[in-house]
Amino acid sequence: MGIRLTMAALGATALTLSATPAALAAKAGITDEVTMTLGKDGTLHVVEKITGASGTLKRTFTTRTRYDDGNDRLYQISNVKGGTLAGDVLTVTGQTVEYDVKGAVTTSGDVEELRWFAVNGWNQQVDKATVKVSGPGQVQNLSCFSGALTSAIGCTSASMDHTGTEADFEQESISTDEALTVVVGYPKGSSTGEPILEKRFSLAAAFTLDTVTGGALAGLLVLLLGGVGLLYWTRGRDARIAGHESGKVDPVQNGHFSPPDGVRPGQIGTLVDEQADVVDVTATIVDLAVRGYLRIDEQPRQAYDAPDWMLVRQPNAPVNTLLPYELALYQAIFDGRDAVLLSQLSGSFATHLGKVRDALYADVVKQGWFARRPDSERTMWTTIGVALVGAGLLATLGLAWFTTYGLLGLALIIAGGALAVGGQFMPAKTAKGSAALAHTMGFRQYLFSGELGDVPEQHRVELFSRYLPYAVIFDGVEHWSRVVASVTGNGHQADNLYWYHGPAEWDLSKFAGSMRTFTTTTSGAISATRQFRSL
């Protein structure tokens with residue numbers, strides 16, 4: 001038993017002894033002999049002789065360090081021999097590698113200082129490194145640091161020869177994440193080298209506000225916003241009209257309704273706010289009923305039922321006399337049928353409303369009230385404004401990244417935003433359109449003045465019914481509904497208008513509430529199609 005234990009111990013010892021050289025070899029690193037020569041032009045030429053490498057040998061250069069609060073210092077590597085450089089990574093292909101470094105020299109007081117990371121970034125440990133430095137003048141001072149890149153720990157040894165023209169450094173055991181940094185001082189002017197600096201990006205620096213940037217920003221804002229204002233003044237203002245074009249208008253001629261300039265409710269809505277709105281279409285539906293093209297029948301309902309109306313096509317109505325936008329709306333409502341519930345206006349109704357909108361805009365141009373379609377005018381200027389905002393963003397990014405004038409780009413953004421918003425007000429009425437608007441406002445004043453005028457009683461129902469679609473446009477539907485209900489009916493249950501029928505047990509005293517609900521529900525149905533702008 002004792003013999004067996006002795007043999008096992010001897011075998012284990014033999015294995016240990018035989019493994020030790022391999023383990024030591026695995027831990028062995030490279031030896032790096034570095035010779036550096038600083039030329040008159042400030043270029044540092046480096047030659048490195050490397051021995052003891054195992055496998056592929058690579059070095060990652062440190063080419064960027066912090067210089068001060070606003071700048072980074074760059075080191076440029078070029079003219080590589082004995083290896084290939086890809087970015088900052090050098091792959092060594094021989095035992096000797098050469099390269100040039102620019103940006104390793106800086107001046108401090110009366111001394112020109114050479115600073116370079118002579119040994120660092122190797123993918124294998126450096127067992128021993130020696131560095132010999134010669135330059136264009138007498139060495140004034142020298143130092144070296146070992147360890148982390150910012151280490152202040154001195155290297156193993158640093159000295160210069162008896163002539164004072166060469167400096168020698170030595171360091172043992174440099175791991176893959178450590179560096180040997182050498183610093184050698186020469187008299188100022190020994191070379192023309194200087195550090196390569198790159199401004200470090202920071203928001204505070206990029207958007208510096210000082211006399212120059214503040215003045216330039218103010219000037220640009222005045223110029224650009226003034227340009228937007230001038231553009232509106234010359235292109236977006238309604239044409240002026242003579243004073244006698246305005247004032248209150250009496251729409252009653254010989255006891256019959258005669259709208260100012262023959263303007264229809266939908267046209268008025270588009271003329272006033274330069275938008276084809278939901279309310280314009282709602283008013284047009286009421287107008288078609290009042291003029292005898294359709295009838296509105298309020299449907300009976302229980303206490304908790306949603307209100308509904310039947311739109312009924314009137315036979316023998318002169319459809320061929322309708323304006324294009326009215327005809328488009330008429331066809332969208334009925335679409336080949338004689339009657340339809342308001343709640344069932346869907347499907348093709350939505351697509352037809354797009355034609356109504358386009359026809360309304362085309363109509364106000366055809367009437368000569370606008371030189372161009374208001375929606376196209378708004379879109380054009382808003383698009384230009386958005387594009388200017390985009391250009392301002394790009395300019396701001398560019399100026400902020402490369403300069404300290406990032407604030408100047410904000411002027412473009414502000415001007416673009418002003419133009420994008422102001423584009424909504426760019427459609428301008430012609431002189432004819434401005435006159436029609438003045439007459440329209442006079443008509444509005446008449447509607448809300450409370451003066452019914454000397455209208456024969458037999459004409460009042462028709463006349464005041466014709467007013468109602470215009471009251472829808474001017475947001476006075478309830479007021480005029482009460483006016484209409486007050487001129488006939490006397491509260492009898494059978495009372496109906498020629499264009500609006502109520503259910504059983506309904507009379508004209510309820511007309512104002514019914515009309516208010518009808519216009520609200522109709523506007524909601526039109527809004528659901530997403531073809532018109534909602535108010």
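Going by the conditions given, is T84 closer than 16 Å to D41 by Cα and in a strand (DSSP E or B)? The answer is no for T84. A residue that is within 18 Å of T62 (Cβ to Cβ), part of a strand (DSSP E or B) and not polar (S, T, N, Q) occurs somewhere in the stretch 158-174. Pairs meeting the criteria (first residue in the stretch 354-381 and farther than 13 Å from D273 by Cα and among the small types (G, A, S), second residue open to solvent by less than 30 Å² (accessible area, probe 1.4 Å) and assigned to a helix (DSSP H, G or I), beta carbons under 6 Å, at least 6 apart or on different chains) are A359/Y325; A359/A328.
Within the stretch 122-136, being assigned to a loop (DSSP other than H, G, I, E, B) and buried (at least 19 other Cβ atoms within 10 Å of the Cβ) holds for Q124, G135, P136. The residues in the stretch 179-201 that are of a type in the set (G, A, S) and closer than 17 Å to N141 by Cα can be counted, and the count is 4.
When residues in the stretch 287-309 are screened for being of a type in the set (S, T, Y) and under 14 Å from Y498 (Cβ atoms), 1 of them pass. From the list T37, T93, T43, the one residue that fits, being open to solvent by 50 Å² or more (accessible area, probe 1.4 Å), β-branched (V, I, T) and touching a residue at least 40 places away in the same chain (Cβ under 8 Å), is T37. All conditions but one from (1) under 22 Å from V272 (Cα atoms); (2) β-branched (V, I, T); (3) at pLDDT 90 or above apply to V421; the one that does not is (3). Would you say D338 is under 22 Å from A435 (Cα atoms) and of a type in the set (D, E)? For D338, the condition - under 22 Å from A435 (Cα atoms) and of a type in the set (D, E) - is not met. Within the stretch 171-219, the residues that satisfy the criterion of being over 45 Å from the mean Cα position of the chain (by Cα) and either open to solvent by 30 Å² or more (accessible area, probe 1.4 Å) or among the aromatic types (F, W, Y) (or both) are E172, S173, S175, T176, E178, Y186, P187, K188, G189, T192. Here the stretch 390-412 is the region considered, the condition is being among the β-branched types (V, I, T) and crowded, with 19+ Cβ neighbours inside 10 Å, and the residue that is farthest from W233 (Cα to Cα) is T404. Go through the residues of the stretch 99-109 one by one and say whether even a single one is over 21 Å from S191 (Cβ atoms) and touching a strand residue (DSSP E or B) at 6+ places or on another chain (Cβ under 8 Å). No. Collect the residues in the stretch 479-534 that are of a type in the set (D, E, K, R), modelled with pLDDT under 70 and more than 29 Å from V356 (Cβ to Cβ), keeping them in residue-number order. The one that is of a type in the set (D, E, K, R), modelled with pLDDT under 70 and more than 29 Å from V356 (Cβ to Cβ): D495. Selection of the stretch 101-121 for residues being part of a loop (DSSP other than H, G, I, E, B) and open to solvent by less than 10 Å² (accessible area, probe 1.4 Å) yields G103, A104. The residues listed here are T91, T65; of these, the one that is part of a strand (DSSP E or B) and more than 29 Å from K40 (Cβ to Cβ) is T91.
Filter the stretch 66-86 for residues that are open to solvent by 30 Å² or more (accessible area, probe 1.4 Å) and within 22 Å of A204 (Cα to Cα) and give the result. R66, Y67, D68, D69, N71 - these are the residues of the stretch 66-86 that are open to solvent by 30 Å² or more (accessible area, probe 1.4 Å) and within 22 Å of A204 (Cα to Cα). Within the stretch 211-259, the set of residues being at pLDDT 75 or above, farther than 27 Å from F425 by Cα and hydrophobic (A, V, I, L, M, F, W, C) comprises V212, A216.
The values are calculated or read from the model by the stated rules, or taken from the named source; none is laboratory data. All of these numbers come straight from a predicted model, not from anything done at the bench. We place every Cβ from the backbone using ideal geometry, glycine too, and count neighbours over all the protein chains shown. Just the protein is used for accessible areas: all its heavy atoms, side chains included, with ligands, DNA and RNA removed. Shrake-Rupley method; radii C 1.70, N 1.55, O 1.52, S 1.80 Å.
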